[in-house]
Amino acid sequence: MAKIALAIHGGCGVMPEDSMTQEEWEGARRDLAAALSAGYARLKAGDSAVDAVEAAVVVMEDSPHFNAGHGAALNENGLHELDASIMDGATLEAGAISASRAIRNPVKAARALMEDGRAVYMTGPAADRFAEVKGLQVEPQSYFTTPKRVGALEAMRRHAAAGTDGTENEKHGTVGAVALDAAGHLAAATSTGGYTNKPEGRVGDSPIIGAGTYARDGVCAVSGTGQGEFFIRHVLGHEVASRIAYLKQDIATAADGLINHDLAPHRIGAGLVAIDAQGVAVAPYNTPGMFRGWVTPEGHAFVATHDQIYEIEL
Ligand code: ASP
């Protein structure tokens, strides 16, 4: 059978282990497993890598544990503005939406835009209208709000007033997936609420093709998490691909070099998941933890939040 593989992340904004209850950690791991399971089922059925990354991201957008869709971060005015993108490594087609205030599953709107083909990137109220026209579900702002995000906004406002720094979890998070399908194609998708207390209208790296999301067949697929401004400046996803394609680095060297060397001077939280054309997946991060999971080409599945890795049955 041709190789298939999948990797996901639920953001590198992971709090110290003792700051969440065991039930919350278990809930997050359960939802990571459900996301892996949804994406892997598509790959096993012979569906495309694009189908797989969309399916995995939708599960994490619907989960309250991650900063995307339901449970997304609040901006400085207490509003949710959501960004997402998807890229097909086979064709280099891509779709991205930003600053959506209503789309329940922003990754679905990104996919619909990719398939519509008239634009790669749509933003704000136009993106919300586009999603509605395509028959996608829209929600009131209250749908996206969770007590945890309200608390994080209050904490970040206190930090801003006192001139102190918030925890990684209070600050940000994102969800993303990368996949290799049975036809040898790669795809990536990313979805986020951005960072807590961000300025209204701020757009991060997640919807920017080449920065937070990138896929090119024969090379790699990448989805990033961390302070997006630096992913944009380093054109991070495309940079990982370039180092593999042109410097002939392996995926671990390329991805680790960017997260733990190139981004290090900026002192920001950062991580990514990436997969190469053989299905080798990597998930480097520089924060105390990163919500993540992967299924190897041999069919072994794992989820993790910190150092400890749990093998799971899908
Ligand atoms: N990259 C996201 C953004 O800057 C946030 C994150 O992943 O933590 O919008």
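For the range 236-242, what does the Karplus curve 6.51 cos²θ - 1.76 cosθ + 1.60, with θ = phi - 60°, yield as ³J(HN,Hα) per residue in whole Hz, taken in order and with x for Gly and Pro?
Rounded to whole hertz, the list is 4, x, 5, 5, 4, 4, 5.
Using the Karplus equation 6.51 cos²θ - 1.76 cosθ + 1.60 (θ = phi - 60°), what ³J(HN,Hα) coupling, rounded to whole Hz, does each residue of the range 46-63 give in order, writing x for Gly and Pro?
Taking θ as phi minus 60°, the curve returns x, 6, 7, 4, 4, 4, 5, 5, 5, 4, 5, 5, 4, 4, 6, 5, 7, 7 Hz for the range 46-63.
Once the Cα gyration tensor of the range 219-297 is diagonalised, what are the square roots of 5 times its eigenvalues, in whole Å and ordered largest first, as equivalent ellipsoid semi-axes?
Working through the eigenvalues yields semi-axes of 19, 15, 10 Å.
Mind running the shape call on the range 18-149? Use the C-alpha gyration tensor, a ≥ b ≥ c as the square roots of the eigenvalues: rounded below 1.5 for a/c, prolate if a/b tops b/c, oblate otherwise.
oblate
Can you give the accessible area per residue of the range 168-260, in Å², using a 1.4 Å probe?
Normalised by residue count, the accessible surface of the range 168-260 is 29 Å².
With a 1.4 Å probe and all protein chains left in place, how much of the accessible area of the chain comes from carbon and sulfur atoms, in whole percent?
The C+S portion of the solvent-accessible surface of the chain is 52 percent.
Using the per-residue mean of other Cβ atoms lying within 10 Å as a proxy for protection, in what order, highest first, do the peptides 227-237, 261-271 fall?
Descending packing order for the listed peptides: 227-237, 261-271.
At 0.36 nm per residue, minus the direct Cα-Cα distance, what do residue 41 and residue 17 gain on full extension? Give it in nm, one decimal, please.
Contour length minus Cα-Cα distance gives 5.6 nm.
Enter the Cα centre distance for the pair the range 47-86 and the range 216-248, rounded to the nearest angstrom.
Computed from Cα coordinates, the inter-centre distance equals 20 Å.
Of all alpha-carbon pairs in the range 123-170, indicate the percentage at a distance above 14 angstrom.
65
Explain nothing, just compute: Karplus ³J(HN,Hα) = 6.51 cos²θ - 1.76 cosθ + 1.60, θ = phi - 60°, for every residue of the range 191-208 in order, whole Hz, x for Gly and Pro.
For the range 191-208, the Karplus curve yields 8, 7, x, x, 9, 5, 6, 5, x, 4, x, 5, 10, x, 7, 4, x, 9 Hz.
Please give the contour-minus-distance gain from residue 160 to residue 310: 0.36 nm per residue of separation, less the Cα-Cα distance, rounded to one decimal in nm.
50.3 nm
Shape of the range 268-314 from its Cα gyration tensor (a ≥ b ≥ c, root eigenvalues): rounded if a/c is under 1.5, otherwise prolate when a/b > b/c, or oblate?
oblate
What spacing in nm lies between the two simple spin-label points modelled at residue 3 and residue 91, each 7 Å away from Cα in the Cβ direction?
Those two pseudo-labels are separated by 2.5 nm.
Taking only DSSP H segments of four or more residues, each worth -39500 (n - 2.57), what value at 222 nm results for the chain once the sum is divided by all its residues, to the nearest 500 deg cm²/dmol?
-10000 deg cm²/dmol
How compact and how long is the chain, expressed as Rg and Dmax of its alpha-carbon atoms in Å?
Taking only Cα atoms of the chain, I get Rg and Dmax of 17.4, 58 Å.
So with the 1.4 Å probe, I'd like the accessible area per residue for the range 38-126, rounded to whole Å².
Dividing the accessible area of the range 38-126 by its residue count gives 31 Å².
Place the peptides 43-49, 84-90 in order of packing, highest mean first, counting for every residue the other Cβ atoms within 10 Å and averaging per peptide.
84-90, 43-49
Setting aside same-chain residues fewer than 8 positions from residue 198, which aspartates and glutamates have a Cα under 17 Å from its Cα?
Within the straight-line cut-off, residue 198 pairs with 76, 81, 83, 154, 165, 168, 170, 229.
Write down the Kirkwood hydrodynamic radius of the range 69-208, to one decimal in angstroms, obtained as one divided by the mean of 1/r over all alpha carbon pairs.
So the Kirkwood estimate lands at 15.4 Å.
Gaussian network model of the chain, Cα springs within a sub-10 Å range: biggest mean-square fluctuation belongs to which of 162, 221, 182?
Ranking 162, 221, 182 by mean-square fluctuation puts 162 first.
The values are calculated or read from the model by the stated rules, or taken from the named source; none is laboratory data. Computed from a predicted model, the values in this text were never measured in an experiment. Here the Cβ is made from the backbone with ideal geometry for all residues, glycine too, and neighbour counts use every protein chain on show. Only protein heavy atoms, including side chains, enter the accessible area calculation; ligands, DNA and RNA are left aside. Shrake-Rupley method; radii C 1.70, N 1.55, O 1.52, S 1.80 Å.
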